[in-house]
1. Residue A:228 is checked against (1) at negative phi; (2) in contact (Cβ under 8 Å) with a residue 24 or more places away in the chain and fails just one. What number does that condition carry?
2. Would you pick out the residues in the range B:44-77 that are touching a residue at least 40 places away in the same chain (Cβ under 8 Å) and assigned to a strand (DSSP E or B)?
3. Would you point out the residue of the range B:318-331, among those that are assigned to a helix (DSSP H, G or I) and surrounded by fewer than 19 Cβ atoms within 10 Å (Cβ to Cβ), that is nearest to the other protein chains (Cβ to nearest Cβ)?
4. Considering only residues of the range B:243-254 that are surrounded by fewer than 23 Cβ atoms within 10 Å (Cβ to Cβ) and not in a strand (DSSP E or B), which is nearest to the other protein chains (Cβ to nearest Cβ)?
5. Do we find that residue A:116 is in the same structural domain as residue A:46 (by TED's automatic domain parsing), closer than 25 Å to residue A:15 by Cα and either within 16 Å of the chain's Cα centre (by Cα) or surrounded by fewer than 16 Cβ atoms within 10 Å (Cβ to Cβ) (or both) in this structure?
6. Among (1) assigned by TED's automatic domain parsing to the domain that holds residue A:329; (2) free of Cβ contacts under 8 Å to residues at least 60 places away in the same chain; (3) surrounded by fewer than 22 Cβ atoms within 10 Å (Cβ to Cβ), there is one condition residue A:18 misses while meeting the rest; what is its number?
7. How many residues does the range B:216-242 hold that are modelled with pLDDT under 95, touching a strand residue (DSSP E or B) at 6+ places or on another chain (Cβ under 7 Å) and in a loop (DSSP other than H, G, I, E, B)?
8. Filter the range A:347-359 down to residues that are surrounded by 14 or more Cβ atoms within 10 Å (Cβ to Cβ) and in a helix (DSSP H, G or I) and give me whichever is nearest to the chain's Cα centre (by Cα).
């Protein structure tokens with residue numbers, strides 16, 4: 001007979017979980033494994049609320065196992081390190097992102113691409129090697145293999161830096177991989193939410209010219225004055241879109257709702273690349289002619305490996321990049337989820353775990 | 001008042017045209033411009049029948065001007081050169097492909113990417129700089145700016161060289177650009193027609209392992225014994241697909257009918273690309289999850305500039321690489337079009353223009 005979540009492991013833990021596809025979260029007692037030789041035990045201070053958390057608690061993608069404790073933008077302090085751990089010490093600032101395990105031996109793992117390992121273990125809603133389900137960062141503590149923990153830079157604020165662990169790496173990685181780092185080139189960022197606003201900041205730090213492409217004209221002032229975008233394109237304005245045809249070297253498409261690709265593809269120059277990092281739950285329509293006639297490309301990207309995640313954090317620290325956040329108490333998480341579903345947030349909720357989640 | 005095609009230009013020409021949308025081709029008198037100082041005048045010897053010719057006759061893409069003389073896989077002999085022509089002499093065997101003009105000043109033209117010039121002129125059914133419509137290679141003569149002409153090396157038989165001018169460059173270019181030309185890589189080729197079989201041949205010469213992916217099981221023997229493919233996958237056989245999941249470094253997809261991309265994306269290794277070179281007339285469905293979870297990409301490619309076209313022809317000559325063709329007389333062309341629409345050709349029709357296209361006085 002399977003054990004209850006509280007009894008599975010020796011260390012008691014408290015989190016908030018959704019128990020069904022209404023997605024409503026409430027307090028949940030469970031347990032974490034003992035700190036092994038390769039592990040770091042972390043007291044969680046902050047956890048970002050990623051749009052994926054919302055999709056997961058509502059089972060939008062069809063693979064949620066309830067009860068589910070979301071949260072993969074975790075920042076905290078190491079409280080204990082195993083005998084083999086050299087990179088971290090108790091008391092050090094650390095972060096955990098989207099994954100907590102992988103096979104470590106395949107080609108992807110050997111190339112620091114653990115996120116593409118066919119046996120990757122995600123931070124929540126994934127099976128541990130012992131068969132138990134793991135629980136994410138809407139909780140007071142977590143035990144993670146050191147390989148999947150990053151140093152959190154001293155000069156980054158822990159609350160505003162938390163979203164970098166997913167949103168940050170999600171846009172940084174494809175920018176590096178698809179060559180979007182050449183100063184002076186023109187990047188379009190489609191969608192101005194958690195991912196989009198970080199993409200603008202990182203794009204500017206790479207010296208790119210950045211245009212935000214959005215269906216919300218009300219976001220223009222923010223985009224230009226606060227986030228530093230060079231220009232703003234309202235995607236529902238045909239004349240503005242027409243004047244921007246063939247002007248962009250790359251586009252990062254952060255939109256997770258189903259949306260047409262054709263208008264975005266026409267914005268690209270010849271050889272231009274559109275990278276989709278949003279996760280629509282249905283296929284998109286791909287018009288072929290604009291791809292063929294311009295040798296354009298539509299690629300995907302999924303977070304990044306651990307080495308690159310550390311590199312991204314260090315890059316953000318160097319350029320003073322953190323997310324624009326709204327700090328919330330864990331008790332307000334359900335209201336936050338509803339507001340997130342309506343994109344009513346500038347631009348990421350972050351849970352103040354340490355000050356609001358207690359036994 | 002519009003001049004009639006015979007009077008637009010000073011040189012008499014004769015070809016076969018569709019006079020209106022979807023009409024069968026029939027003899028057509030028209031004219032070509034005088035040989036300008038940078039032009040070469042060409043006696044056409046052979047012209048390949050590209051699937052695009054079928055689409056253009058039917059105006060499937062909304063780009064067609066009528067009367068329409070198709071043909072952009074042209075091989076011929078130079079019979080006159082303009083006073084400033086440097087690269088060609090009378091008697092040279094040459095090829096003309098997809099384009100006959102570009103602005104020559106934009107960034108793309110400056111980088112040998114004339115095919116991406118926003119003001120390019122297609123070999124047929126395109127507005128030329130003087131406002132007249134261009135006519136293609138199903139005709140007896142051609143006048144072309146030397147920049148858009150390539151040499152055909154002696155080693156290549158002229159009839160088999162014709163399909164290289166479009167099919168050849170269409171598959172050669174992405175193999176190079178997307179770096180699928182390294183020995184030991186595993187390439188999938190979807191569709192075994194004019195483009196597909198040429199892709200298999202180029203890839204094998206480059207030392208690449210090739211799997212043909214097809215809906216026609218009867219093509220397996222041909223693919224493996226005649227074309228040298230390493231393996232053959234029937235795309236609707238689930239167990240064959242599953243066994244090949246995540247094994248390919250790249251896929252060249254030559255299929256122009258609407259088809260599902262999801263199984264093809266599944267065949268790719270992570271970080272690999274599916275490259276479309278066929279031209280479906282409707283959008284395809286793009287599943288986003290598999291792209292994201294494997295950092296895969298869907299890209300596309302369309303011929304290439306003149307420099308690379310010459311490079312491709314030279315490469316083919318060097319490696320004795322010839323498309324498999326069926327040579328036909330011009331009055332078989334309508335039957336050939338019907339057969340082509342059904343995929344009934346191994347693997348390209350080539351019209352023997354020199355010996356069968358004769359101007360007649362009765363039209």
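The values are calculated or read from the model by the stated rules, or taken from the named source; none is laboratory data. Computed from a predicted structure; not experimentally measured. Please note: Cβ atoms are built from the backbone with ideal geometry, for glycine as well, and neighbour counts cover all protein chains shown.
1. The single condition residue A:228 does not satisfy is (1).
2. Correct list: B:44, B:45, B:46, B:47, B:48, B:68, B:74, B:75, B:76.
3. For the range B:318-331, the residue satisfying everything is B:318.
4. B:246
5. Values: in the same structural domain as residue A:46 (by TED's automatic domain parsing): yes; closer than 25 Å to residue A:15 by Cα: no; either within 16 Å of the chain's Cα centre (by Cα) or surrounded by fewer than 16 Cβ atoms within 10 Å (Cβ to Cβ) (or both): yes.
Spelling it out, it is not the case that residue A:116 is in the same structural domain as residue A:46 (by TED's automatic domain parsing), closer than 25 Å to residue A:15 by Cα and either within 16 Å of the chain's Cα centre (by Cα) or surrounded by fewer than 16 Cβ atoms within 10 Å (Cβ to Cβ) (or both).
6. (3)
7. Result for the range B:216-242: 1.
8. Residue satisfying both the conditions and the ranking: A:353.
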